[in-house]
Amino acid sequence: SVRCRHVVANDIDPMAAVATHMNSELNGLQPPVCLTHNIIGSPPAAFHLILLGDMFYDQSLATSLHSWLNRCMETHGTKVLIGDPGRAQFEEHAIRRLLRPLAQFELPDSVREENYGLSCSGVWSYTPEL
């Protein structure tokens, strides 16, 4: 098992930080640093791994995210994994051709209802060298 020495969680919704802390406590883990300002577009930090979940819901955000991820990878060799339920902005974005599928999961009925009928979610490895 791999352990991280330093974890940073980022979401502009302060409730996400509360949920992250609660989840950490429930799992007996030290809560990570939680940032509630948008770090996309900031100078790339030396992250070894970036995990993204459902971030391609807006075309302009998807484009700025794509540029920032490229800078992180070029500067620090960061690895990137992306989870997305197949939103149109993700499926149609140029970043899609740079992704290698790793896994796919069927969404429970309750999640499908909350997310306009999206039925599955995929995990992708961002591989610009493709």
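Quick notes on this structure:
- Matching residues, the stretch 1-33, being under 26 Å from L102 (Cβ atoms) and either in contact (Cβ under 8 Å) with a residue 60 or more places away in the chain or outside any loop (DSSP other than H, G, I, E, B) (or both): V8, A9, N10, A16, A19, T20, N23, S24
- Yes/no for I50 being assigned to a strand (DSSP E or B) and touching a residue at least 40 places away in the same chain (Cβ under 8 Å): no
- Residues that are touching a strand residue (DSSP E or B) at 6+ places or on another chain (Cβ under 8 Å), within 19 Å of N10 (Cα to Cα), free of Cβ contacts under 8 Å to residues at least 40 places away in the same chain and not in a helix (DSSP H, G or I) are absent from the stretch 105-126.
- Where L26 falls short, out of the listed (1) open to solvent by 70 Å² or more (accessible area, probe 1.4 Å); (2) modelled with pLDDT under 90: (2)
- Qualifying residue in the stretch 83-98 (condition: at pLDDT 90 or above, open to solvent by less than 70 Å² (accessible area, probe 1.4 Å) and under 29 Å from R5 (Cβ atoms)): yes
The values are calculated or read from the model by the stated rules, or taken from the named source; none is laboratory data. Please read these numbers as outputs of a predicted model, since none were measured by experiment. Quick reminder, even Gly has a Cβ in these numbers, built from the backbone with ideal geometry, and neighbours come from all protein chains shown. Quick note on the areas: whole protein, heavy atoms, side chains included, nothing else; ligands and nucleic acids left out. Shrake-Rupley method; radii C 1.70, N 1.55, O 1.52, S 1.80 Å.
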